[in-house]
1. Restricted to region 283-296, and to residues that are outside any helix (DSSP H, G or I) and under 13 Å from residue 338 (Cβ atoms), which residue is least open to solvent (accessible area, probe 1.4 Å)?
2. Only one of (1) touching a Pro at 6+ places or on another chain (Cβ under 9 Å); (2) over 28 Å from residue 56 (Cα atoms) fails for residue 574. Which number is that?
3. All but one of (1) in contact with a Lys or Arg (Cβ under 9 Å, 6 or more places away or on another chain); (2) closer than 24 Å to residue 477 by Cβ hold for residue 646; state the number of the condition that does not hold.
4. Restrict the check to region 150-166 and report whether at least one residue is acidic (Asp, Glu) and open to solvent by 40 Å² or more (accessible area, probe 1.4 Å).
5. Answer with yes or no whether residue 90 is open to solvent by less than 70 Å² (accessible area, probe 1.4 Å) and in contact with a Gly (Cβ under 7 Å, 6 or more places away or on another chain).
6. Of everything in region 25-59, what is out of contact with any Asp or Glu (no Cβ under 9 Å at 6 or more places or on another chain), modelled with pLDDT of 95 or more and more than 14 Å from residue 310 (Cβ to Cβ)? Give them in sequence order.
7. Right, residue 306: within 15 Å of the ligand (Cβ to nearest atom) and outside any helix (DSSP H, G or I) or not?
8. Being within 20 Å of the chain's Cα centre (by Cα) and over 17 Å from residue 347 (Cβ atoms) is true for just one of 121, 92. Which residue is that?
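The values are calculated or read from the model by the stated rules, or taken from the named source; none is laboratory data. Worth saying up front: this structure is predicted, and the values here are computed from it rather than measured. Glycine also receives a Cβ, built like all others from the backbone with ideal geometry; neighbour counts cover every protein chain displayed. The protein model used for the area step is the full one, side chains on, heavy atoms only, and it has no ligands, DNA or RNA in it. Shrake-Rupley method; radii C 1.70, N 1.55, O 1.52, S 1.80 Å.
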Amino acid sequence: MTPPVADIAPPKTKRKTETWSPDKSSELYGVETWGSGFFGVNKNGHVTVRLEDDKAQAEVSLFDVIDGLRDRGTHLPVLLRFRDLLHSRIEQINESFKKAIKDLKYRGEYRGVYPIKVNQQRQVIEEISEFGKRYHYGLEAGSKPELIAALAHMHDPEAYLICNGYKDEEFIDLALHAQKMGLRVVLVLEMPSELDLILERSEKSASAQSWGSSSPLHERLRPLARQRWRQISLWPQCFTSHQRRRSVEGSGHIDCLKMLHYHQGSQIPNIAAIREGATEAVRMYCDLVKEGAPMGVLDIGGGMAVDYDGSHTNFHSSCNYSVAEYCADIVEVISQICDKAGIEHPNLISESGRAVVAYYSVLVFNILDVTSAQTSEEAPPIPDNAPQNLMNIIEVNKVINKKNLQECFNDAMYYRDQMRAQFFYGAATLRERGLAEAWFWHILTRISNLIADLDDIPEDLRELSSTLVDFYYGNFSLFQSLPDSWAIDQVFPVMPLHRLDEKPRHRAVLADITCDCDGKIDRFIDKEDVAKILPLHDFKQGEPYYLGVFLVGAYQETLGDLHNLLGDTNVVGVHLEKGKPVYTHEVEGDTVADVLTYVEFDPKELVTRFRTFAEKAVTEGRITPKERREILDLFREGLSGYTYFES
Ligand SMILES: Cc1ncc(COP(=O)(O)O)c(C=O)c1O
């Protein structure tokens, strides 16, 4: 488990000579707990990823991978994708269901489907369709574009293609045609009103006969927004479910009802909730069979959580179960209830998304600069004729001791605020206000140093250390690459990729390069709760300092947006051949011209406009013709360049 962040020294205290090791870093950043065996720290102090090399496994340094990219001219930020990790998760989920089915003598089959919405990138769909063949692993499409991508890639007649989402004629026609072509396409009835359209389209299509007898219709229990991932009750949907059953009965097509589908929501951290959801669903399934529906398939949706913080608890960024426990519990609940009801075990489908792709991608960026906390060990000067409030702050500094920390903190804050008010009303100068602020931070630094020796820290002062942080500016956009960090306060494991043989001495938060005050990461994984700081090393100008954000393969890539017109990052797939990293599936990130085009600018027209402006400047004698050429070259280069900081 990640040790509490308090284990690292508070800022600027006297450094004890203490040995540090890569193992300590591994423990500090919790790599063993959230890394799921895929990530580690080597003796050189580099983060490693475990890749396959001709059926053996090898630990590859991410620092070396980035070095290789730098030699090839690929700029950071870059999203690294590791296909081996994706394969491994598909294998783990399928093998775990297989084992649970065997152990519990379950009489149905398991077939997984991958919900395209979780990461729609072509490489993901291709890898899943190709590697998944051995398990007849299918796809779930929630929209027309997703269905079209799925139809072009998945041609295994044994695998399922589940169609969720709201469907128009075109969507339904495509699905019905694909059924005729031999694919196991399943239309999930999202709303009762969809039924008429599906019946009409299937009657119109030449497959009307086979539709009448075998086209599966589906019942969906509870589509939950991903953001509401902690809610699990299924009751409110029973009414809707009843309505749907009535409409299916009324249509005279109860024989078409083959599958019950539910989805509890994403990232369900508690196995009890998973069991509860499955229990209710399987009871509904059994009753539908008793009502005369042939059924045969139960689709349990997604929801299998990822242990982002490595705490293995039911905290929202973790989960208190393993993949094997999840599979065993689902199979057990369903078989027990079906056995009691005397109903045949259904074939099982699960739509795990996050649990399949989260590990696959790592976002890597470099630190550009650091703004240190305004801490100051050194006392600021004492001015002549200082205003009374400033003198009062200086007095507070004289009397600080371990017993009056709270009082001194309150007084310093009070007099600092008084000085601000005096400045506001014109009764103090900017220089005097600046001195008051400097004394205030000096007092806070001293209080923070003294707190470190206390057994019992006063309540108000506990938060103090989180205000004395250094801002590390990272070359990335939170809104583009980690949208869930902003939108739903999701925490991801973040850590330096090298220098892990050195003790990190700074208490940092991360700021991105958008100019939005929300563009920062100030919530980090922690074994107890959520940490407010990330331990980082000294930043040395001119030397690279690389950070990685892990487990970002699910949802982050396509939910990101163009805030500040920072576009898609470079993407590179990495695998091993003969002990060497091989870079494939490289996708260049957006250029400036690309992102401007997305917001309806025409790059050519931009050049024309700027050229006209530059020529006017020449005519008016502000610049020379030679300068005009240089400025225009710069403008064109800017258009074709990366949207992120290029060094
Ligand atoms: C219908 C459906 N199935 C599956 C998923 C994937 O869920 P998860 O990524 O939590 O496995 C979702 C996403 O919320 C969904 O809406």
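1. Looking at the filtered set, the residue picked out is 295.
2. (2)
3. Residue 646 satisfies all of (1) in contact with a Lys or Arg (Cβ under 9 Å, 6 or more places away or on another chain); (2) closer than 24 Å to residue 477 by Cβ except (1).
4. yes
5. yes
6. 47, 59
7. yes
8. When all the criteria are applied, what remains is 121.
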